Amino acid sequence: MLIPLHDLLLGEQLRLELAHSPALWLTFGSLAAGHFWKAFHLGYDTLPDNQLKQRVRWDVYLLVLRAIAMFMMAAHGLAFILVPLMALVLSYLEIWPERALGAVFGDPSRLYEYDPDDPKSSRRR
């Protein structure tokens, strides 16, 4: 999603704004703290290995699907319907995450079984 914003993200204006704006640093810090709080509140630190792998992969794969969907909508000139279309796609991913994950990555209840370091491991058994 950030590829079209390359010049904006690497421009001098952004660097100056980041260097002189404590409000932006506070925003970034509060977002990071919020994500850590959510992870510990959901119990990631106390889950057994298989359940931790399952939940983390579930969350990361959904994040990847959201980014791909947003990039495809923005890159193909759909700007005139971008907001309603994005609302529909992201709502679908939030309401039926099992269907979206299953369509792309296989059985969503068995995501923990895939080990990228093991050549015998496969996502679809």
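Assuming Pro97 fulfils every condition listed in (1) exposed (fewer than 15 other Cβ atoms within 10 Å of the Cβ); (2) modelled with pLDDT of 75 or more; (3) not hydrophobic (A, V, I, L, M, F, W, C) apart from one, which condition is it?
(1)
Testing Ser91 on (1) modelled with pLDDT under 80; (2) in a helix (DSSP H, G or I), one condition comes back false. Which one is that?
(1)
Based on what the data block shows, is His6 modelled with pLDDT of 85 or more and more than 17 Å from the chain's Cα centre (by Cα)?
Numbers: modelled with pLDDT of 85 or more: no; more than 17 Å from the chain's Cα centre (by Cα): yes.
Answer is no for this residue.
The values are calculated or read from the model by the stated rules, or taken from the named source; none is laboratory data. If you're wondering where the values come from, they're calculated on a predicted model, not measured in any experiment. Cβ atoms come from the backbone with ideal geometry, glycine included; neighbour counts cover every protein chain shown.
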